[in-house]
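Worksheet for the structure shown next.
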Amino acid sequence: MAVRKQPRKSTSTRGKKATRGNAAERSPGKRPAAAREARGNGGELHQHAGGADATVTTNQGVAIADNQNSLRASPRGPTLLEDFVLREKITHFDHERIPERIVHARGSGAHGYFELTKSLSRYTTARLFTEVGARTPVFTRISTVAGGAGSVDTPRDVRGFAVKFYTQEGNFDLVGNNIPVFFIQDAIKFPDFVHAVKMEPDRAFPQAASAHDTFWDFISLTPESMHMIMWAMSDRAIPRSLRMIEGFGIHSFRLLDAKGRSTFCKFHWRPRLGLQSTVWDEAVKLQGADNDFHRRDLFEAITAGNFPEWDLGLQLFTEEQAAGFPFDHLDPTKIIPEETVPLTIVGRMVLDRWPDNFFAETEQVAFCPANVVPGIDFSNDPLLQGRLFSYLDTQLSRLGGPNFHQLPINAPKCPFANHQRDGHMQMRVPKGRVNYEPSSLERTDGREDPAKGFRSFAEPAGDGAKGRIRAESFADHYSQARLFYRSQTEIEQAHIAFALVFELSKVETAHVRAAIVGHLRHIDGDLARRVADGLGLDALPPAPKAAAPVIDMPPSPALQIIGKMKKTLEGRAVGILVDDGSNAATINALRKAAEDAGAMVKIVAPKIGGAMLSGRRKLPADGQLAGTPSVVFDAVALVLSRDAGAYLAQEAAAVDWVRDAFGHLKAIACDEGARAVLAAAGIEPDAGVVDAGDTGKFIKAAMTRQWAREPQVRTLP
Ligand code: HDD
């Protein structure tokens, strides 16, 4: 018996002509000219991107007539296997993801350039460092380390700082971090370290956090990490913006002159906007307010034409100088204090273009510390030596084969040629019968060139016995940790103690907590006591035996953030909370003053449609109050009528807005009407709370955090 099918409103086409989706109806059905592949002169495949007028095609270039409906045996019947359009589309989609990076999975990148302002021709032949005024294109990716690609932007974590210079002599990748030292001295420990910091394997949490047992267990048994721990627990690990972090090449590298003579160097990036961090509570709340806070900030700045800039500084030093340092510069857990070897600023990097496509560029970019150009060479830092292997190796599986250097984001922008052939996803079509060198038959794809080719520094090697050896000069694990801690301002020292207490309080294993405090005793007795007290330990745990005597080095103020913080509103964001009846003149004056000082101003209102200001002028809002908490701003203003103030004093989002701004040590401008909201938040106005009419005072206060307020709003160990 035939079953009568129920007519369904949206899906049944019974008795009607089958309908097609809108997009298909709009398509004019032109020939897929713009999407065709054409062969260029060199036998290369040129892929024509579809333009606005292009017809959508399959990957074979066949025009698609209907991109809304799959091919069916009858209007309500099964889908046919024959439907190559459907199969190709779904198959491609099924394979859209590639493995994420094992570390640094979450990152944001941008294009830009490096401009040389001072020649280093005395030290190197590398043209990117000798031709003053020349601009070298760059792609820079800044990342967190531990979290997955979809994790938040503001955890406590190191930030990766990788720059690919597309020089005329090949790609030079400076693959660094925002902290100038590392957790371990030898690459053989890297897999253990990464396993320990990432989510625990049996439970798959915590995501993007070092505050858990396995990380601190590993650290407690790895005293060489203590210097890096000081940095990672400092506010450097909770930056305000990717535009406000430093970058470091970390290892010593060599610069080589035309005669092959070597000078050691360390690379430093210095943000023109100055260093700035969040406070911890703010970083935590940012994770809820905006997962993509740093990515959005970088995107908004670049698309608004506020291009972030960094100066590149080098510490240049000789082998003889290095021999006089009270530490080994080949040990990546050591810095060379700037007071010992000052920075020579040689150029600037400007990031001025957001990528067109995240996957094609930011995801597929492949950095590798082994990518150097003639005139730059490696040192024997054992961490660097291991890194020279790891990156190409991981990229072979991450990007699926040996030809990823042909991807546009990875390809050099200078000519490149060799006899490497074939492999997965080979995009070139080399000609001729010769795919080797030397050859007397025909000349294809280049010859070696001793005059301009890459040469390694002729370093004498092998005068000792082979072995799995850690040099004795690497044994001092605490002196520079002490140097870092003792170089900080009091506020920064308190933040380090606070961070240690926070992190260790998440560690369930008591002996691990105690072991860390034991290490801290070598760094600074007061720090150890503060942390022990914050953890509620009854007594100070014993300090482990130090492998080398701990020495006192002169403090280095260059290691501070707060001490060298630039008082500025440039590149910062100011939020103004308004509602119906707010005073238009006050808002205009505040906005103008903040913008003149270089800030980006956003209007926040209870409704996204905006507010009807005094004078019956409607001001559209950039953010709705509940969705735009004050954590996303550097300073805030509240301009409210008395009625609106009284109303918003009952509104949790408004009260939290101002309470958080106060707690996060921000300058607050408010008018009479807004005082009710401050009162509801229990705020006792201090020097950082100013009258909204006094724009000069507000801008001055907004250029820095109100550090003096901190003891009032939180207990620091
Ligand atoms: Fe690494 C990625 C920085 C030690 C192995 N690393 C990676 C990235 C940065 C760094 C910024 C992300 C690059 C990007 O944006 O694609 N890594 C560092 C620094 C280190 C360091 C500054 C110490 C000074 N790394 C290190 C060691 C090893 C690795 C010792 C292994 C022996 N790193 C890798 C990797 C990654 C990577 C597994 C993951 C994804 C990738 O390379 O392309 O190969």
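The values are calculated or read from the model by the stated rules, or taken from the named source; none is laboratory data. Quantities reported herein were computed from a predicted structural model and do not represent experimental measurements. Methodologically, a virtual Cβ is constructed for each residue, glycine included, from the backbone with ideal geometry; neighbour enumeration extends over all protein chains shown.
Structure data summary
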{"quantity": "Residue among ASP202, ASP192 that alone is modelled with pLDDT of 95 or more, within 12 Å of the ligand (Cβ to nearest atom) and among the acidic types (Asp, Glu)", "calculated": "ASP192"}
{"quantity": "Residues located in segment 357-371, provided they are assigned to a loop (DSSP other than H, G, I, E, B) and either near the ligand (Cβ under 10 Å from one of its atoms) or more than 18 Å from the chain's Cα centre (by Cα) (or both)", "calculated": "GLN364, VAL365, ALA366, PHE367, CYS368, PRO369, ALA370, ASN371"}
{"quantity": "Single condition ALA187 does not satisfy, out of (1) closer than 21 Å to THR214 by Cβ; (2) out of contact with any helix residue (DSSP H, G or I) (no Cβ under 9 Å at 6 or more places or on another chain); (3) in contact (Cβ under 8 Å) with a residue 40 or more places away in the chain", "calculated": "(2)"}
{"quantity": "Test for TYR436: is it at pLDDT below 95 and of a type in the set (Ser, Thr, Tyr)", "calculated": "yes"}
{"quantity": "LEU540 being within 32 Å of the chain's Cα centre (by Cα), outside the structural domain of VAL639 (by TED's automatic domain parsing) and farther than 30 Å from GLY305 by Cβ", "calculated": "no"}
{"quantity": "Complete set of residues in segment 395-418 that are within 9 Å of the ligand (Cβ to nearest atom) and either closer than 26 Å to GLU437 by Cβ or not assigned by TED's automatic domain parsing to the domain that holds ALA360 (or both)", "calculated": "GLN395"}
{"quantity": "Residue within segment 271-287 that is under 15 Å from the mean Cα position of the chain (by Cα), among the aromatic types (Phe, Trp, Tyr) and assigned by TED's automatic domain parsing to the domain that holds HIS329 present", "calculated": "no"}
{"quantity": "Subset of segment 424-459 [hydrophobic (A, V, I, L, M, F, W, C) and either closer than 26 Å to PHE378 by Cβ or outside any loop (DSSP other than H, G, I, E, B) (or both)]", "calculated": "ALA451, PHE454, PHE457, ALA458"}
{"quantity": "Matching entry among PRO374, PRO415 (being crowded, with 16+ Cβ neighbours inside 10 Å and in a loop (DSSP other than H, G, I, E, B))", "calculated": "PRO374"}
{"quantity": "Single match in VAL517, VAL507, VAL501 (criterion: crowded, with 17+ Cβ neighbours inside 10 Å, over 26 Å from the mean Cα position of the chain (by Cα) and in a helix (DSSP H, G or I))", "calculated": "VAL517"}
{"quantity": "Answer from PHE267, PHE218 - the residue that is within 20 Å of ASP186 (Cβ to Cβ) and either crowded, with 23+ Cβ neighbours inside 10 Å or not polar (S, T, N, Q) (or both)", "calculated": "PHE218"}
{"quantity": "Some residue of segment 378-394 being in the same structural domain as THR167 (by TED's automatic domain parsing), within 20 Å of ARG127 (Cβ to Cβ) and crowded, with 18+ Cβ neighbours inside 10 Å", "calculated": "yes"}
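Rundown of residues vs (1) more than 16 Å from the ligand (Cβ to nearest atom); (2) in contact with a Ser or Thr (Cβ under 7 Å, 6 or more places away or on another chain); (3) closer than 23 Å to PRO239 by Cα; (4) of a type in the set (Phe, Trp, Tyr), yes/no style:
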{"position": "ARG101", "(1), (2), (3), (4)": "no, no, yes, no"}
{"position": "TYR123", "(1), (2), (3), (4)": "yes, yes, no, yes"}
{"position": "GLY133", "(1), (2), (3), (4)": "yes, no, no, no"}
{"position": "GLY148", "(1), (2), (3), (4)": "no, no, yes, no"}
{"position": "VAL152", "(1), (2), (3), (4)": "yes, no, yes, no"}
